[in-house]
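Take a look at the structure below.
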Amino acid sequence: MGRRKKSYSHYVDQDSLSRISGEPLLTPFSMEGSISGHHRSPHKGSSVEFAEYREYTEGEDPKRMDWRVFARTDRYYLKEYEAETNLRAHFALDCSGSMNFGDSISKFEFSKKLLSTLAYLYVGQGDAVGLHTIRDRKTQVLPAKRNPSQIQEILEIIGPLKPKGETRLAASLHEIAETVRMRATIFVVSDMLDEPEEIIDAVLHLRDRKHEVVLFHVFDPQELNFTFDRPTRFVDMEGGGSLITEPTVIREEYLARLNAHVDQLEKGCLESQARYHQVHTDSPMVTVIDNFSAHRISGKTA
């Protein structure tokens, strides 16, 4: 008998799926897709949401003529509606060595769960989902597809992955901006240990290509609180070096630099109309998905 293939279905959080209860996760930006769906398209169509009036041109379908406007103005106007389309959601997963940090759960394992659960939700509402695993040398790409088997493909790729190597987040996001042709939502799941100005420059590149950008900044609570209270050896998980120091001596400077890093990312996202979500590995996944979906269900940008 052949060896049974390992299942990675545990990465999809069932509590989160139950909580969303079929409500669509909408984007506030116009998307381009090949089929009808939940999201606004930049093209006009015949869905139920009214967009605007425009003057009738000879040869067009008179069924959309607004006769009330004609009665008032003696001119022919057509009703235009927002077309609705499916979305392409591309998930970029940071696989660098620093993502292996964590106590009860590493940032990388938490990120796998977040990505898998969101991908499942988007495929479930008829959207196409793709994957970009950002490694130290190259990015592995799974093209966006909307068939249910895509979730299994994603799980089989990320399930056995181990984080290693240096961060190349900004460079990889520039690559995604150049290779993802149609408008999409780009989800970036990372601890963002790259220079913030370089990350924001890549975000601006993605926005210039008309993509929506959502950053999930993943933190272990120890990184946020820096609660170490005795001489500690800090190891560079991407370069291999180490430093023994007294945490109480460096705590204030560390927190100041961390806050400046986060502030720069938040400000850059706000100015570029990208979304920034800070997520903590000690938070229940259902809470993380809940906070995210509160904006998506309404289609709001803030």
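The values are calculated or read from the model by the stated rules, or taken from the named source; none is laboratory data. Not measured: the values here are computed from a predicted model. For neighbour counting, all protein chains shown are included, and Cβ atoms are generated from backbone atoms with ideal geometry for every residue, glycine included. These accessible areas exclude ligands, DNA and RNA; they are computed on the full protein's heavy atoms, side chains included. Shrake-Rupley method; radii C 1.70, N 1.55, O 1.52, S 1.80 Å.
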Highest mean packing first, using Cβ neighbours within 10 angstrom, the peptides 195-204, 157-166 sort as 195-204, 157-166
Expressed in angstrom and rounded, the centroid-to-centroid distance over alpha carbons for the stretch 149-167 and the stretch 96-141 is 7
Protection proxy (average C-beta count within 10 Å per residue), highest first, orders 171-181, 116-126, 258-268 as 116-126, 171-181, 258-268
Under a 1.4 Å probe, counting only protein heavy atoms, residue 246 has an accessible area in Å², nearest 10, of 60
Expressed in square angstrom to the nearest 10, the accessible area of residue 254 with a 1.4 Å probe stands at 70
Rounded to the nearest 10 Å², the 1.4 Å probe accessible area of residue 104 is 120
